[in-house]
1. Out of the residues in region 425-439 that are surrounded by 13 or more Cβ atoms within 10 Å (Cβ to Cβ) and more than 34 Å from the chain's Cα centre (by Cα), which is modelled with the lowest pLDDT?
2. Is there a residue being in a helix (DSSP H, G or I) and touching a helix residue (DSSP H, G or I) at 6+ places or on another chain (Cβ under 6 Å) anywhere in region 310-321?
3. Show the residue pairs that are 6+ apart or on different chains and have beta-carbon atoms under 6 Å apart, the first residue being within region 395-411 and touching a residue at least 60 places away in the same chain (Cβ under 8 Å), the second being assigned to a loop (DSSP other than H, G, I, E, B) and surrounded by 14 or more Cβ atoms within 10 Å (Cβ to Cβ).
4. Looking at (1) part of a loop (DSSP other than H, G, I, E, B); (2) in contact (Cβ under 8 Å) with a residue 60 or more places away in the chain, which is the only condition residue 332 fails?
5. Please specify each residue of region 31-46 satisfying the condition of being surrounded by 15 or more Cβ atoms within 10 Å (Cβ to Cβ) and either touching a strand residue (DSSP E or B) at 6+ places or on another chain (Cβ under 6 Å) or within 20 Å of residue 97 (Cα to Cα) (or both).
6. Out of 96, 131, I need the residue that is at pLDDT below 90 and within 32 Å of the chain's Cα centre (by Cα). Which one?
7. Does region 352-367 contain at least one residue that is in a strand (DSSP E or B) and surrounded by fewer than 16 Cβ atoms within 10 Å (Cβ to Cβ)?
8. Does region 301-315 hold any residues that are within 22 Å of residue 352 (Cα to Cα) and crowded, with 17+ Cβ neighbours inside 10 Å, and which are they?
(Lines give C-alpha, C1' and ligand atoms only; values in the text may rest on other atoms or scores of the structure.)
Protein backbone atom coordinates (compact mmCIF):
# COMPACT_ATOMS: atom_id res chain seq x y z
CA UNK A 1 0.00 0.00 0.00
CA UNK A 2 2.99 2.29 -0.05
CA UNK A 3 2.95 2.46 -3.87
CA UNK A 4 0.38 4.79 -5.46
CA UNK A 5 -2.43 3.70 -7.78
CA UNK A 6 -0.85 5.97 -10.41
CA UNK A 7 1.81 3.27 -10.92
CA UNK A 8 -0.89 0.78 -11.91
CA UNK A 9 -2.69 3.29 -14.11
CA UNK A 10 0.53 3.76 -16.07
CA UNK A 11 0.74 0.07 -16.93
CA UNK A 12 -0.18 -0.63 -20.58
CA UNK A 13 -3.25 -2.77 -19.91
CA UNK A 14 -5.66 -0.17 -21.22
CA UNK A 15 -3.61 2.59 -22.84
CA UNK A 16 -4.58 2.27 -26.46
CA UNK A 17 -1.67 4.33 -27.70
CA UNK A 18 0.53 1.39 -26.75
CA UNK A 19 -1.70 -1.14 -28.53
CA UNK A 20 -2.54 0.90 -31.61
CA UNK A 21 0.54 2.94 -32.56
CA UNK A 22 0.05 5.40 -35.38
CA UNK A 23 2.21 4.47 -38.35
CA UNK A 24 2.95 8.01 -39.55
CA UNK A 25 4.98 9.97 -37.00
CA UNK A 26 4.39 13.21 -38.94
CA UNK A 27 0.64 12.80 -38.49
CA UNK A 28 1.15 12.28 -34.76
CA UNK A 29 3.25 15.45 -34.61
CA UNK A 30 0.55 17.49 -36.38
CA UNK A 31 -2.18 16.18 -34.07
CA UNK A 32 -0.09 16.92 -30.98
CA UNK A 33 0.66 20.47 -32.15
CA UNK A 34 -3.04 21.07 -32.90
CA UNK A 35 -4.05 19.68 -29.50
CA UNK A 36 -1.57 21.98 -27.73
CA UNK A 37 -2.86 24.99 -29.65
CA UNK A 38 -6.49 24.18 -28.82
CA UNK A 39 -5.62 23.63 -25.15
CA UNK A 40 -4.11 27.13 -25.11
CA UNK A 41 -7.24 28.53 -26.80
CA UNK A 42 -5.18 29.57 -29.82
CA UNK A 43 -7.25 28.53 -32.82
CA UNK A 44 -5.26 30.78 -35.18
CA UNK A 45 -2.23 28.60 -34.47
CA UNK A 46 -4.33 25.46 -35.03
CA UNK A 47 -5.44 26.86 -38.43
CA UNK A 48 -1.83 27.65 -39.29
CA UNK A 49 -0.79 24.06 -38.48
CA UNK A 50 -3.63 22.71 -40.65
CA UNK A 51 -2.46 24.97 -43.50
CA UNK A 52 1.10 23.71 -43.14
CA UNK A 53 -0.19 20.13 -43.09
CA UNK A 54 -2.16 20.76 -46.29
CA UNK A 55 0.92 22.15 -48.03
CA UNK A 56 2.91 19.07 -46.97
CA UNK A 57 0.52 16.98 -49.05
CA UNK A 58 0.53 13.90 -46.80
CA UNK A 59 -2.37 12.06 -45.10
CA UNK A 60 -5.22 14.08 -46.71
CA UNK A 61 -7.94 11.99 -45.02
CA UNK A 62 -6.34 12.44 -41.58
CA UNK A 63 -6.01 16.18 -42.26
CA UNK A 64 -9.68 16.44 -43.19
CA UNK A 65 -10.62 14.73 -39.95
CA UNK A 66 -8.27 17.03 -38.03
CA UNK A 67 -10.04 20.04 -39.57
CA UNK A 68 -13.32 18.61 -38.30
CA UNK A 69 -11.78 18.10 -34.87
CA UNK A 70 -10.73 21.78 -34.74
CA UNK A 71 -14.20 22.87 -35.91
CA UNK A 72 -15.87 20.85 -33.13
CA UNK A 73 -13.58 22.34 -30.47
CA UNK A 74 -14.18 25.82 -31.88
CA UNK A 75 -17.92 25.35 -31.38
CA UNK A 76 -18.76 24.82 -35.06
CA UNK A 77 -20.48 21.46 -34.58
CA UNK A 78 -22.22 21.30 -37.99
CA UNK A 79 -18.99 22.06 -39.86
CA UNK A 80 -17.20 19.56 -37.64
CA UNK A 81 -19.69 16.85 -38.56
CA UNK A 82 -19.43 17.61 -42.29
CA UNK A 83 -15.65 17.37 -42.23
CA UNK A 84 -15.45 14.24 -40.05
CA UNK A 85 -18.22 12.60 -42.13
CA UNK A 86 -16.15 13.36 -45.24
CA UNK A 87 -13.12 11.62 -43.72
CA UNK A 88 -15.22 8.65 -42.62
CA UNK A 89 -16.76 8.29 -46.10
CA UNK A 90 -13.25 8.15 -47.57
CA UNK A 91 -12.23 5.51 -45.01
CA UNK A 92 -15.47 3.85 -43.83
CA UNK A 93 -13.71 0.97 -42.07
CA UNK A 94 -11.60 3.23 -39.85
CA UNK A 95 -12.61 2.55 -36.25
CA UNK A 96 -10.52 5.40 -34.89
CA UNK A 97 -12.33 7.93 -37.12
CA UNK A 98 -15.72 6.59 -36.07
CA UNK A 99 -15.00 6.57 -32.34
CA UNK A 100 -13.28 9.96 -32.39
CA UNK A 101 -16.29 11.52 -34.13
CA UNK A 102 -18.56 10.11 -31.42
CA UNK A 103 -16.23 11.56 -28.79
CA UNK A 104 -16.30 15.01 -30.41
CA UNK A 105 -20.10 14.94 -30.73
CA UNK A 106 -20.46 14.10 -27.06
CA UNK A 107 -18.06 16.88 -26.05
CA UNK A 108 -19.97 19.33 -28.28
CA UNK A 109 -23.22 18.55 -26.47
CA UNK A 110 -24.66 16.49 -29.34
CA UNK A 111 -25.51 13.62 -27.01
CA UNK A 112 -28.28 12.06 -29.12
CA UNK A 113 -26.03 12.02 -32.19
CA UNK A 114 -23.21 10.45 -30.17
CA UNK A 115 -25.45 7.72 -28.73
CA UNK A 116 -26.89 7.04 -32.20
CA UNK A 117 -23.33 6.76 -33.53
CA UNK A 118 -22.44 4.22 -30.81
CA UNK A 119 -25.48 2.08 -31.63
CA UNK A 120 -24.85 2.28 -35.39
CA UNK A 121 -21.20 1.27 -35.03
CA UNK A 122 -22.16 -1.59 -32.69
CA UNK A 123 -24.63 -2.92 -35.25
CA UNK A 124 -22.02 -2.77 -38.02
CA UNK A 125 -19.28 -4.47 -36.01
CA UNK A 126 -21.73 -7.17 -34.86
CA UNK A 127 -22.26 -8.16 -38.49
CA UNK A 128 -18.54 -8.20 -39.27
CA UNK A 129 -15.79 -8.47 -36.63
CA UNK A 130 -12.96 -8.35 -39.19
CA UNK A 131 -11.85 -6.09 -42.06
CA UNK A 132 -11.70 -3.02 -39.83
CA UNK A 133 -8.78 -0.58 -39.63
CA UNK A 134 -7.06 1.53 -37.04
CA UNK A 135 -4.63 4.11 -38.47
CA UNK A 136 -4.96 2.37 -41.86
CA UNK A 137 -3.71 -0.87 -40.30
CA UNK A 138 -5.89 -4.03 -40.18
CA UNK A 139 -6.69 -5.10 -36.63
CA UNK A 140 -5.97 -8.60 -35.38
CA UNK A 141 -8.56 -8.61 -32.56
CA UNK A 142 -12.39 -8.60 -32.72
CA UNK A 143 -13.79 -5.23 -33.79
CA UNK A 144 -15.97 -5.01 -30.67
CA UNK A 145 -12.91 -5.34 -28.46
CA UNK A 146 -11.02 -2.75 -30.51
CA UNK A 147 -13.90 -0.26 -30.23
CA UNK A 148 -14.07 -0.72 -26.44
CA UNK A 149 -10.31 -0.22 -26.13
CA UNK A 150 -10.55 2.98 -28.17
CA UNK A 151 -13.54 4.24 -26.20
CA UNK A 152 -11.74 3.54 -22.91
CA UNK A 153 -8.81 5.58 -24.17
CA UNK A 154 -11.15 8.45 -25.13
CA UNK A 155 -12.77 8.40 -21.67
CA UNK A 156 -9.44 8.47 -19.84
CA UNK A 157 -7.32 10.64 -22.13
CA UNK A 158 -9.91 13.11 -23.50
CA UNK A 159 -13.38 13.21 -21.94
CA UNK A 160 -11.94 13.03 -18.44
CA UNK A 161 -10.38 16.49 -18.84
CA UNK A 162 -13.56 18.24 -19.96
CA UNK A 163 -16.57 16.54 -18.37
CA UNK A 164 -17.89 15.98 -14.83
CA UNK A 165 -18.13 12.46 -13.43
CA UNK A 166 -21.86 12.10 -14.14
CA UNK A 167 -21.36 12.81 -17.85
CA UNK A 168 -18.41 10.43 -18.01
CA UNK A 169 -20.52 7.70 -16.43
CA UNK A 170 -23.38 8.36 -18.88
CA UNK A 171 -21.05 7.99 -21.85
CA UNK A 172 -19.46 4.85 -20.41
CA UNK A 173 -22.83 3.23 -19.72
CA UNK A 174 -23.99 3.87 -23.28
CA UNK A 175 -20.90 2.09 -24.65
CA UNK A 176 -21.29 -0.81 -22.20
CA UNK A 177 -24.93 -1.23 -23.24
CA UNK A 178 -23.94 -1.37 -26.92
CA UNK A 179 -20.91 -3.65 -26.30
CA UNK A 180 -21.81 -5.87 -23.30
CA UNK A 181 -19.22 -8.58 -24.01
CA UNK A 182 -16.14 -6.36 -23.88
CA UNK A 183 -17.54 -3.13 -22.48
CA UNK A 184 -18.17 -4.38 -18.96
CA UNK A 185 -14.45 -4.94 -18.38
CA UNK A 186 -12.71 -2.47 -20.68
CA UNK A 187 -15.02 0.51 -20.31
CA UNK A 188 -15.44 0.12 -16.55
CA UNK A 189 -11.66 -0.09 -16.22
CA UNK A 190 -11.24 3.14 -18.18
CA UNK A 191 -13.97 5.02 -16.31
CA UNK A 192 -12.40 3.83 -13.04
CA UNK A 193 -9.09 5.42 -14.04
CA UNK A 194 -10.83 8.68 -14.92
CA UNK A 195 -12.85 8.83 -11.70
CA UNK A 196 -9.79 8.05 -9.59
CA UNK A 197 -7.88 10.94 -11.17
CA UNK A 198 -10.83 13.22 -10.37
CA UNK A 199 -10.50 12.24 -6.71
CA UNK A 200 -13.66 10.08 -6.74
CA UNK A 201 -12.15 6.97 -5.19
CA UNK A 202 -15.55 5.51 -4.26
CA UNK A 203 -16.70 5.85 -7.89
CA UNK A 204 -13.46 4.31 -9.17
CA UNK A 205 -13.82 1.35 -6.81
CA UNK A 206 -17.42 0.82 -7.93
CA UNK A 207 -16.39 0.85 -11.61
CA UNK A 208 -13.51 -1.57 -11.06
CA UNK A 209 -15.76 -3.90 -9.03
CA UNK A 210 -18.20 -3.92 -11.97
CA UNK A 211 -15.33 -4.84 -14.30
CA UNK A 212 -14.06 -7.67 -12.09
CA UNK A 213 -16.57 -10.50 -12.84
CA UNK A 214 -15.89 -10.60 -16.58
CA UNK A 215 -12.12 -10.08 -16.42
CA UNK A 216 -9.56 -12.72 -17.40
CA UNK A 217 -5.81 -12.81 -16.88
CA UNK A 218 -3.76 -10.68 -17.10
CA UNK A 219 -6.44 -7.95 -16.80
CA UNK A 220 -7.85 -9.73 -13.74
CA UNK A 221 -4.54 -9.29 -11.87
CA UNK A 222 -4.47 -5.63 -12.81
CA UNK A 223 -8.03 -4.97 -11.57
CA UNK A 224 -7.45 -6.84 -8.33
CA UNK A 225 -4.32 -4.76 -7.68
CA UNK A 226 -6.15 -1.50 -8.43
CA UNK A 227 -8.91 -2.48 -6.01
CA UNK A 228 -6.53 -3.76 -3.33
CA UNK A 229 -4.62 -0.48 -3.35
CA UNK A 230 -7.75 1.69 -3.49
CA UNK A 231 -9.51 -0.18 -0.67
CA UNK A 232 -6.38 0.29 1.42
CA UNK A 233 -6.42 4.03 0.73
CA UNK A 234 -10.04 4.39 1.91
CA UNK A 235 -9.38 2.36 5.06
CA UNK A 236 -10.94 -1.03 4.17
CA UNK A 237 -7.84 -3.02 5.06
CA UNK A 238 -9.64 -6.38 5.18
CA UNK A 239 -10.93 -6.16 1.60
CA UNK A 240 -7.53 -4.81 0.52
CA UNK A 241 -5.68 -7.76 2.08
CA UNK A 242 -8.17 -10.30 0.67
CA UNK A 243 -7.62 -9.06 -2.87
CA UNK A 244 -3.85 -9.02 -2.45
CA UNK A 245 -3.98 -12.65 -1.29
CA UNK A 246 -6.08 -13.59 -4.34
CA UNK A 247 -3.40 -12.19 -6.62
CA UNK A 248 -0.55 -14.04 -4.92
CA UNK A 249 -2.53 -17.32 -4.68
CA UNK A 250 -3.51 -17.34 -8.38
CA UNK A 251 -0.78 -19.10 -10.43
CA UNK A 252 -1.94 -17.25 -13.56
CA UNK A 253 -1.50 -13.78 -12.07
CA UNK A 254 0.66 -11.31 -13.96
CA UNK A 255 4.24 -11.61 -12.57
CA UNK A 256 4.73 -7.84 -12.63
CA UNK A 257 1.55 -7.35 -10.58
CA UNK A 258 2.66 -10.07 -8.15
CA UNK A 259 5.95 -8.24 -7.64
CA UNK A 260 4.08 -4.98 -6.99
CA UNK A 261 1.86 -6.71 -4.42
CA UNK A 262 4.81 -8.37 -2.66
CA UNK A 263 6.53 -5.00 -2.32
CA UNK A 264 3.36 -3.23 -1.18
CA UNK A 265 2.01 -5.86 1.20
CA UNK A 266 5.09 -6.88 3.09
CA UNK A 267 4.58 -9.70 5.59
CA UNK A 268 7.01 -7.94 7.89
CA UNK A 269 5.40 -5.69 10.47
CA UNK A 270 7.29 -2.60 11.62
CA UNK A 271 7.07 -1.61 15.27
CA UNK A 272 6.81 2.14 15.66
CA UNK A 273 8.07 3.88 18.75
CA UNK A 274 5.62 5.99 20.71
CA UNK A 275 7.58 9.04 19.59
CA UNK A 276 7.06 8.08 15.92
CA UNK A 277 3.32 7.71 16.54
CA UNK A 278 3.07 11.11 18.22
CA UNK A 279 5.07 13.01 15.63
CA UNK A 280 5.51 11.19 12.29
CA UNK A 281 2.10 9.53 12.12
CA UNK A 282 -0.09 12.21 13.70
CA UNK A 283 1.65 15.06 11.85
CA UNK A 284 0.92 13.11 8.65
CA UNK A 285 -2.77 12.98 9.66
CA UNK A 286 -2.78 16.81 9.62
CA UNK A 287 -0.85 17.10 6.33
CA UNK A 288 -2.39 17.70 2.88
CA UNK A 289 -1.23 14.17 1.94
CA UNK A 290 -3.67 12.56 4.36
CA UNK A 291 -6.56 10.81 2.61
CA UNK A 292 -10.16 11.87 3.10
CA UNK A 293 -11.08 8.94 5.34
CA UNK A 294 -8.34 10.00 7.77
CA UNK A 295 -9.42 13.63 8.03
CA UNK A 296 -13.05 12.59 8.38
CA UNK A 297 -12.24 10.36 11.37
CA UNK A 298 -10.03 12.63 13.46
CA UNK A 299 -12.71 12.62 16.17
CA UNK A 300 -12.47 8.82 16.31
CA UNK A 301 -8.92 7.73 17.19
CA UNK A 302 -10.30 4.28 18.06
CA UNK A 303 -11.11 3.91 14.33
CA UNK A 304 -8.41 5.85 12.58
CA UNK A 305 -5.30 4.55 14.38
CA UNK A 306 -5.95 0.77 14.17
CA UNK A 307 -6.94 1.01 10.48
CA UNK A 308 -4.00 3.17 9.50
CA UNK A 309 -1.41 1.13 11.40
CA UNK A 310 -2.78 -2.19 10.13
CA UNK A 311 -2.96 -0.91 6.56
CA UNK A 312 0.67 0.21 6.68
CA UNK A 313 1.85 -2.98 8.42
CA UNK A 314 2.72 -1.09 11.60
CA UNK A 315 2.20 -1.82 15.27
CA UNK A 316 2.84 0.52 18.19
CA UNK A 317 5.17 -0.20 21.08
CA UNK A 318 2.58 1.34 23.42
CA UNK A 319 -1.11 0.64 23.92
CA UNK A 320 -3.03 3.42 22.14
CA UNK A 321 -6.54 2.23 22.98
CA UNK A 322 -6.90 4.78 25.80
CA UNK A 323 -6.63 7.80 23.47
CA UNK A 324 -9.79 9.90 23.60
CA UNK A 325 -10.90 12.75 21.31
CA UNK A 326 -12.90 15.86 22.14
CA UNK A 327 -14.04 18.69 19.92
CA UNK A 328 -14.12 22.32 21.08
CA UNK A 329 -15.45 25.29 19.13
CA UNK A 330 -12.91 27.97 19.98
CA UNK A 331 -13.96 31.57 19.46
CA UNK A 332 -11.39 33.56 17.49
CA UNK A 333 -11.68 37.25 16.62
CA UNK A 334 -10.28 38.26 13.22
CA UNK A 335 -10.44 42.06 13.05
CA UNK A 336 -14.21 42.76 12.84
CA UNK A 337 -15.34 39.14 12.48
CA UNK A 338 -15.55 36.24 14.89
CA UNK A 339 -15.03 32.64 13.81
CA UNK A 340 -15.56 29.41 15.70
CA UNK A 341 -12.61 27.10 15.10
CA UNK A 342 -13.49 23.39 15.46
CA UNK A 343 -10.39 22.21 17.34
CA UNK A 344 -10.03 18.45 17.96
CA UNK A 345 -7.98 17.50 21.03
CA UNK A 346 -6.69 14.01 21.74
CA UNK A 347 -5.80 13.00 25.28
CA UNK A 348 -2.75 10.78 24.90
CA UNK A 349 -1.47 7.95 27.13
CA UNK A 350 0.10 9.10 30.39
CA UNK A 351 3.39 10.87 29.54
CA UNK A 352 6.41 8.94 30.81
CA UNK A 353 9.39 10.52 29.14
CA UNK A 354 10.69 13.86 27.93
CA UNK A 355 8.73 15.05 24.81
CA UNK A 356 5.86 12.61 25.47
CA UNK A 357 2.61 14.43 24.64
CA UNK A 358 -0.10 14.98 27.22
CA UNK A 359 -2.48 16.38 24.57
CA UNK A 360 -2.37 16.89 20.81
CA UNK A 361 -4.66 19.18 18.81
CA UNK A 362 -5.71 19.41 15.18
CA UNK A 363 -6.40 23.09 14.48
CA UNK A 364 -8.02 24.21 11.19
CA UNK A 365 -6.34 26.91 9.16
CA UNK A 366 -8.17 27.59 5.91
CA UNK A 367 -8.48 24.28 4.04
CA UNK A 368 -5.60 22.67 5.97
CA UNK A 369 -4.84 21.54 9.50
CA UNK A 370 -2.07 22.36 11.98
CA UNK A 371 -0.87 19.77 14.48
CA UNK A 372 -0.15 21.31 17.89
CA UNK A 373 1.37 19.29 20.73
CA UNK A 374 1.65 19.70 24.50
CA UNK A 375 4.94 17.99 25.28
CA UNK A 376 6.51 17.02 28.57
CA UNK A 377 9.56 19.17 29.21
CA UNK A 378 12.22 19.55 31.86
CA UNK A 379 11.27 21.91 34.74
CA UNK A 380 13.29 25.08 35.21
CA UNK A 381 14.66 26.22 38.56
CA UNK A 382 11.77 28.63 39.05
CA UNK A 383 9.04 26.14 38.08
CA UNK A 384 6.73 25.38 40.99
CA UNK A 385 5.60 22.05 39.51
CA UNK A 386 7.70 19.04 38.64
CA UNK A 387 5.55 18.09 35.66
CA UNK A 388 5.89 20.91 33.14
CA UNK A 389 4.67 20.98 29.54
CA UNK A 390 5.44 23.17 26.56
CA UNK A 391 3.37 23.99 23.45
CA UNK A 392 5.01 22.91 20.20
CA UNK A 393 4.06 21.99 16.63
CA UNK A 394 5.00 19.06 14.39
CA UNK A 395 4.84 19.60 10.61
CA UNK A 396 5.01 16.57 8.32
CA UNK A 397 8.03 16.75 6.01
CA UNK A 398 7.16 15.26 2.61
CA UNK A 399 10.76 14.77 1.48
CA UNK A 400 12.02 12.97 4.59
CA UNK A 401 8.65 11.48 5.59
CA UNK A 402 9.54 12.71 9.07
CA UNK A 403 8.56 15.92 10.80
CA UNK A 404 9.82 19.41 11.46
CA UNK A 405 9.50 20.69 15.03
CA UNK A 406 8.50 24.15 16.26
CA UNK A 407 8.57 25.37 19.83
CA UNK A 408 6.09 28.11 20.79
CA UNK A 409 7.48 28.56 24.31
CA UNK A 410 4.17 28.50 26.20
CA UNK A 411 4.94 26.61 29.44
CA UNK A 412 2.08 25.22 31.52
CA UNK A 413 1.63 22.96 34.49
CA UNK A 414 0.08 19.54 34.84
CA UNK A 415 -3.45 20.74 35.57
CA UNK A 416 -4.30 22.17 32.11
CA UNK A 417 -7.67 20.83 30.87
CA UNK A 418 -8.40 19.70 27.31
CA UNK A 419 -10.67 22.69 26.78
CA UNK A 420 -7.96 25.09 27.93
CA UNK A 421 -5.46 23.38 25.64
CA UNK A 422 -7.85 23.68 22.66
CA UNK A 423 -7.75 27.46 23.14
CA UNK A 424 -4.01 27.52 23.72
CA UNK A 425 -3.45 25.47 20.54
CA UNK A 426 -5.62 27.84 18.50
CA UNK A 427 -3.76 30.77 20.00
CA UNK A 428 -0.44 29.17 19.01
CA UNK A 429 -1.59 28.83 15.40
CA UNK A 430 -2.93 32.36 15.11
CA UNK A 431 -0.39 34.21 17.28
CA UNK A 432 0.97 36.13 14.32
CA UNK A 433 2.25 39.15 16.24
CA UNK A 434 2.68 40.47 19.73
CA UNK A 435 -0.69 42.18 19.38
CA UNK A 436 -2.49 38.83 19.34
CA UNK A 437 -3.65 37.86 22.77
CA UNK A 438 -6.05 36.02 25.04
CA UNK A 439 -8.79 37.69 27.05
CA UNK A 440 -10.31 35.75 29.94
CA UNK A 441 -13.68 36.59 31.53
CA UNK A 442 -14.78 33.93 33.97
CA UNK A 443 -14.90 30.60 32.13
CA UNK A 444 -14.85 32.27 28.71
CA UNK A 445 -11.61 32.72 26.76
CA UNK A 446 -11.48 34.85 23.61
CA UNK A 447 -8.52 34.68 21.24
CA UNK A 448 -7.81 38.02 19.58
CA UNK A 449 -6.05 37.83 16.22
CA UNK A 450 -5.03 41.15 14.64
CA UNK A 451 -5.95 42.06 11.11
CA UNK A 452 -3.23 42.49 8.47
CA UNK A 453 -3.52 46.26 8.83
CA UNK A 454 -3.09 46.11 12.60
CA UNK A 455 0.02 43.97 12.31
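The values are calculated or read from the model by the stated rules, or taken from the named source; none is laboratory data. Note that this is a predicted model, so its numbers are computed, not measured. Methodologically, a virtual Cβ is constructed for each residue, glycine included, from the backbone with ideal geometry; neighbour enumeration extends over all protein chains shown.
1. So, considering only residues that are surrounded by 13 or more Cβ atoms within 10 Å (Cβ to Cβ) and more than 34 Å from the chain's Cα centre (by Cα), the one modelled with the lowest pLDDT is 436.
2. The answer is yes; a qualifying residue exists.
3. What qualifies is 396/287.
4. In the conditions (1) part of a loop (DSSP other than H, G, I, E, B); (2) in contact (Cβ under 8 Å) with a residue 60 or more places away in the chain, residue 332 misses (1) alone.
5. Within region 31-46, 31, 33, 34, 35, 38, 46 qualify.
6. 96
7. yes
8. Once the filter is applied, which keeps residues that are within 22 Å of residue 352 (Cα to Cα) and crowded, with 17+ Cβ neighbours inside 10 Å, region 301-315 yields 301, 305.
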